[in-house]
Amino acid sequence: MNINIRYITPEDIEEEKNNIKTKTNLESKEIDMFLGNGHARGRNTLMYFAYQANIEYLLFWDDDEYPIANIMENRKIIWKEQNNINTHLKNIDNADITIGYHCGYISPIPYININEEKVEKEFKNFIEAVSNDIIYWESIKSKMKNNNGVTYANKEIAKEKDTYELKMQGCGKWVSGSTLCINLQHIDKIPAFYNPKNARGEDTFFATRLENSKVLKVPTYHFHDGFLMYTDIMKSKYPNILEKTDTNILGTSIEERFFKATIGWIRYKPLLMYISDKENFKEKIEKSFYNLDHNNSKRVFNKIIELDNKDDINYRFNNVH
């Protein structure tokens, strides 16, 4: 098998920016919008270099995801290896984009016990304040109450059942940034990635531009180890239990990841709300602000993130928006 590995260095990016500048009328600030580091620019950079190299298909695969599915059967976890690359290759010729499934620790929200009515209400307000196409209350509630924050794979999908085409749901065909395969031979059907400054959501805004693109959901899973608790899975060492993501046990790395994710969600939510429902934008944005400022959202935030410097947390939380 002939495998070529290409590292895209900062020097490569700067050289390509200069090449673009000499061949086009684009200014440096315009080129900087799509080439470089960051959520959206990083993906655009990979896509750009792949297209320039005449690569036919580009599969985004995050480094905290493993080609395996965790299936719960009779209160026991069954681990089933997934043939991710071949499954995408089998379907991508007939599509502009293919997207697989995720299991494991999909959400960067650490576990919180919401069995008490008061805690559940406060947590609900907090989730609704930061909610988006991926993070929404019913989904988070189900995971926290039933599976300690873990998503288990569907046994039938893991057996490679049928592929199907995604249709528009609201303003998008909802895909995620990983287990996402792009047919670069259909470049006219592939939008660029975008997120607001210092925000997340590049895959979300990508999804809102797929109205005229053919997107297939393909039967393959990635196990998302979002808290890097089970890296030995890549050595075929499979845990018998998937633990709660308890910040008191697992430390500040989880807290910091959740904090950054929350800021990223809050910063891209206004644009998503505007795109999805312009008529009710003002009402919805005011409700989101209210839920952030009231209803003990800050207390819930501090309950999940128990850092020593609470004054710093309060300052940063108050200045997110």
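The values are calculated or read from the model by the stated rules, or taken from the named source; none is laboratory data. Quantities reported herein were computed from a predicted structural model and do not represent experimental measurements. Using ideal geometry, Cβ is built from the backbone for each residue, glycine included, and neighbour counts are taken over all protein chains shown.
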Original post:
Is there any pair linking a residue in the stretch 11-30 that is over 20 Å from residue 42 (Cβ atoms) to one that is assigned to a helix (DSSP H, G or I) and not charged (D, E, K, R), with Cβ under 7 Å and at least six apart or on different chains, and which?
Top reply: 21/28; 21/31
Subject >> The listed residue being touching a residue at least 40 places away in the same chain (Cβ under 8 Å), within 14 Å of the chain's Cα centre (by Cα) and more than 23 Å from residue 217 (Cβ to Cβ), out of 99, 109 >> reply: 109
Original post:
Does the stretch 158-171 contain at least one residue that is within 21 Å of residue 62 (Cα to Cα) and at pLDDT below 95?
Top reply: yes
Subject >> Sole exception among (1) at pLDDT 80 or above; (2) over 26 Å from residue 285 (Cβ atoms) for residue 117, by number >> reply: (1)
Original post:
How many residues are surrounded by fewer than 16 Cβ atoms within 10 Å (Cβ to Cβ), modelled with pLDDT of 90 or more and part of a helix (DSSP H, G or I) when one looks only at the stretch 230-274?
Top reply: 5
Subject >> residue 240 vs. criteria among the polar types (S, T, N, Q) and out of contact with any strand residue (DSSP E or B) (no Cβ under 8 Å at 6 or more places or on another chain) >> reply: no
Original post:
Just wondering, is there one or more residues in the stretch 185-208 that are under 21 Å from residue 143 (Cα atoms), of a type in the set (S, T, N, Q) and in contact (Cβ under 8 Å) with a residue 12 or more places away in the chain?
Top reply: no
Subject >> Among the residues listed as 54, 91, the single one being at positive phi and either free of Cβ contacts under 8 Å to residues at least 40 places away in the same chain or touching a Leu at 6+ places or on another chain (Cβ under 8 Å) (or both) >> reply: 54
**OP:** Answer yes or no as to whether residue 77 is of a type in the set (Val, Ile, Thr) and without any contact (Cβ under 8 Å) to a residue 24 or more places away in the chain.
**Re:** no
**OP:** Determine the pairs where a residue that is closer than 27 Å to residue 81 by Cα, located within the stretch 231-252, has a partner that is at pLDDT below 80 and outside any loop (DSSP other than H, G, I, E, B) with Cβ atoms under 7 Å apart, the partner being 6 or more residues away or on another chain.
**Re:** 245/254
Original post:
Based on what the data block shows, is residue 211 among the acidic types (Asp, Glu), in a loop (DSSP other than H, G, I, E, B) and either at pLDDT below 95 or buried (at least 22 other Cβ atoms within 10 Å of the Cβ) (or both)?
Top reply: no
